[in-house]
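Peer 1: One structure is given below, represented as structure tokens, and several questions about it will come after.
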Amino acid sequence: MKYTFGGFYSIKKLISVKIKEEHIVKLNKNSLKNHIENFDFLANKLSKKGHNVSDIVSKLSELQVAIPSWALGAGGTRFGRFSFYGEPSNLEQKLEDVGVLQSLTQTAGAVSLHIPWDIPSDYNAIIEQADALNIKFDSVNSNTFQDQKYAIETYKYGSLSNTSQAVREQAIQHNLDVINIGNKLGSKCLTIWLADGSCFPGQNNFQTAFQNTQDSLKNIYMGLPDDWKMLIEYKPYEPNLYSTVIRDWGASLMLANGCGDKAFTLVDLGHHLPNSNIEQIVSILQLKGKLGGFHFNDSKYGDDDLTVGSIKPYALFLIFNELVYGMENNPQNPDLNWMIDASHNVKDPLEDLIQSLEAIQEAYAKALLIDQAELKVAQLNNDVVKCQEILQGAYRTDVRSLLEKVRLSSGGALSPINAYRSLNIRDTLIKERGKNTVATGL
Ligand SMILES: [Mn+2]
């Protein structure tokens, strides 16, 4: 079914505005008493320990995480893709979905677009829709890991690193086009992830590939507006299985340094080899003023793109411990771009994103409970046991009523998943969009 302009606004009212104004308040009433009891108990306990609870609540309220446009449909594997009914089939519908998440959680106030999958046909209409839904345009992502329909050159053997100057120029121009599109929407950031690398030893000259990439990035950087950031995302393997040009944070950092002050490293949690100490990477990048953005997800083996916090919640907490420390002690870093980068085959994508948003907030809340001053004393005294007690004491605190408080005070749902289900949002989307829609870009 194709929507007229008027039609799409009526969906917006149905899905977003109406949910927020009428239903959430009603649903919240059902569990309000329970929430107040739990929150008062926790707030009392935390206050006695010397925490400033209202300060923690306001810090949590400020955390807004960008939803990636590509996570709103079911993801695929190299073996297949199982559609989830009622997926958004255009940019307007993707924004509507983010609007649903924002209404329910009040922590999804941004979207991260992927070009060319999300090129607006009417910029003013898209900006107006995003404004109405209280959604900002976070980093825009370029795509040189696929050949586009009318492309002259192929990226089969790399894009920015390619030995062919014509291929590199095409890839550079694409990134400049993405900046231009983002600029029209009010975005201030470009994310570059390259699939470039090699599948077999000897296929590439490592030095040539790296140097070409640096030169190409410098060309893109020259087209970056003054108030923009460029984020360079690394990944150790896949789709190339022997070597990746920007394989780790060291390569990303070197390239960012080679470009200039507006270039930073982006950490995607799934882009590390098993058992990497990601929190330490985060910490050192902050020390050097080069941490620019985050892609949240979780993984068991590789780049699994699973729900945030579903596999290694303690590691996520430790990462947030470093982020909290860095935000307080490393002003040399810019404001971070907080983004989710996840997708998979088996869950309702919106329910999955609600779970991810909650996991991010939960880890952040727990990290805010760490007494940094007390930890510093324990570290100076080499009191290893005390250090662990401080971290794990914060981690073991049940902060869910704190998150409820944050949502309640900003107009969100006490339980976003329950609200999503009670309001039959997926059924409504299927009714509006049809059963077999397929999200663009996947
Ligand atoms: Mn990513």
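Peer 1: One residue is enough: does the stretch 136-147 have a residue meeting the conditions more than 22 Å from the chain's Cα centre (by Cα), on the phi < 0 side of the Ramachandran plot and of a type in the set (Gly, Ala, Ser)?
Peer 2: No; the residues of the stretch 136-147 include none that is more than 22 Å from the chain's Cα centre (by Cα), on the phi < 0 side of the Ramachandran plot and of a type in the set (Gly, Ala, Ser).
Peer 1: Would you check which residues across the stretch 201-257 are surrounded by 17 or more Cβ atoms within 10 Å (Cβ to Cβ), more than 21 Å from Tyr155 (Cβ to Cβ) and of a type in the set (Gly, Ala, Ser) and list them?
Peer 2: Ala256
Peer 1: Which ones in the stretch 318-343 are under 16 Å from the mean Cα position of the chain (by Cα), more than 16 Å from the ligand (Cβ to nearest atom) and assigned to a helix (DSSP H, G or I)?
Peer 2: Those that are under 16 Å from the mean Cα position of the chain (by Cα), more than 16 Å from the ligand (Cβ to nearest atom) and assigned to a helix (DSSP H, G or I): Phe320, Leu323.
Peer 1: Can I ask one more? Any residue in the stretch 173-200 that is over 22 Å from Tyr155 (Cα atoms) and of a type outside the set (A, V, I, L, M) sitting within a Cβ distance under 6 Å of a residue that is within 16 Å of the ligand (Cβ to nearest atom) and assigned to a loop (DSSP other than H, G, I, E, B)? List the pairs, counting only those 6 or more apart or interchain.
Peer 2: If the second residue must be within 16 Å of the ligand (Cβ to nearest atom) and assigned to a loop (DSSP other than H, G, I, E, B), the pairs left are Cys189/Ser139.
Peer 1: What about Asn333, is it in contact with a Cys (Cβ under 6 Å, 6 or more places away or on another chain), in contact (Cβ under 8 Å) with a residue 24 or more places away in the chain and buried (at least 17 other Cβ atoms within 10 Å of the Cβ)?
Peer 2: Criteria not met by Asn333.
Peer 1: Determine which single condition Gln286 fails, assuming it passes every other condition in (1) buried (at least 16 other Cβ atoms within 10 Å of the Cβ); (2) over 25 Å from Gln170 (Cα atoms); (3) within 16 Å of the ligand (Cβ to nearest atom).
Peer 2: It is condition (3) that Gln286 fails.
Peer 1: Still on this model: Which of the residues spanning the stretch 113-149 are among the polar types (S, T, N, Q) and either more than 18 Å from Ile220 (Cβ to Cβ) or assigned to a loop (DSSP other than H, G, I, E, B) (or both)?
Peer 2: Ser121, Asn124, Gln129, Asn134, Ser139, Ser142, Asn143, Thr144, Gln146, Gln148, listed by residue number.
Peer 1: Hey, among the residues in the stretch 297-317 that are part of a loop (DSSP other than H, G, I, E, B) and among the hydroxyl-bearing types (Ser, Thr, Tyr), which one's nearest to the ligand (Cβ to nearest atom)?
Peer 2: Ser299
Peer 1: Are there any pairs, at least 6 apart or on different chains, whose C-beta atoms fall under 6 Å, with the first in the stretch 413-442 and touching a residue at least 60 places away in the same chain (Cβ under 8 Å) and the second among the basic types (Lys, Arg) and buried (at least 21 other Cβ atoms within 10 Å of the Cβ), and if so, which?
Peer 2: From residues that are touching a residue at least 60 places away in the same chain (Cβ under 8 Å), there are no pairs.
A quick yes/no check of all residues on (1) within 30 Å of Ser283 (Cβ to Cβ); (2) surrounded by fewer than 17 Cβ atoms within 10 Å (Cβ to Cβ); (3) within 19 Å of the chain's Cα centre (by Cα):
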{"site": "Gln361", "(1), (2), (3)": "yes, no, yes"}
{"site": "Lys386", "(1), (2), (3)": "yes, yes, no"}
{"site": "Pro416", "(1), (2), (3)": "no, no, yes"}
{"site": "Tyr420", "(1), (2), (3)": "no, no, no"}
{"site": "Asn436", "(1), (2), (3)": "no, yes, no"}
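Peer 1: Out of all the residues in the stretch 120-130, which are over 11 Å from Leu185 (Cα atoms) and out of contact with any Asp or Glu (no Cβ under 8 Å at 6 or more places or on another chain)?
Peer 2: Scanning the stretch 120-130 gives a single hit, Ser121.
Peer 1: On the given criteria, is Phe294 away from the ligand (no atom under 16 Å from the Cβ) and at pLDDT 95 or above?
Peer 2: No, not satisfied.
Peer 1: When you check Phe8 against the structure, is it modelled with pLDDT of 95 or more and of a type in the set (Phe, Trp, Tyr), yes or no?
Peer 2: Against the criterion (modelled with pLDDT of 95 or more and of a type in the set (Phe, Trp, Tyr)), Phe8 does not qualify.
Peer 1: Related question: How many residues, within the stretch 158-172, are free of Cβ contacts under 8 Å to residues at least 24 places away in the same chain and within 28 Å of the chain's Cα centre (by Cα)?
Peer 2: Here the count works out to 1.
Peer 1: Shifting gears a bit: Considering the stretch 92-107 alone, what residues qualify as being polar (S, T, N, Q) and part of a helix (DSSP H, G or I)?
Peer 2: Passing the criteria: Gln93, Gln102, Ser103, Thr105.
Peer 1: I've got another one for you. Give all pairs with beta carbons closer than 6 Å in which a residue from the stretch 293-304 that is without any contact (Cβ under 8 Å) to a residue 12 or more places away in the chain and under 20 Å from Glu358 (Cα atoms) meets a residue that is part of a loop (DSSP other than H, G, I, E, B) and more than 12 Å from the ligand (Cβ to nearest atom); count only pairs at least 6 apart in sequence or on separate chains.
Peer 2: As it stands, the answer is Lys300/Ile311, since those pairs meet every condition given.
Peer 1: So, one more: Is it true that Ile36 is more than 30 Å from Thr191 (Cβ to Cβ) and modelled with pLDDT of 95 or more?
Peer 2: Yes.
Peer 1: I'd like the full set of residues that are surrounded by 24 or more Cβ atoms within 10 Å (Cβ to Cβ) and among the polar types (S, T, N, Q), limited to the stretch 344-359.
Peer 2: Correct list: Ser356 only.
The values are calculated or read from the model by the stated rules, or taken from the named source; none is laboratory data. The structure displayed is predicted, hence computed values, not measured ones. As a convention, Cβ positions derive from the backbone with ideal geometry for all residues, glycine included, and neighbour counts pool all protein chains shown.
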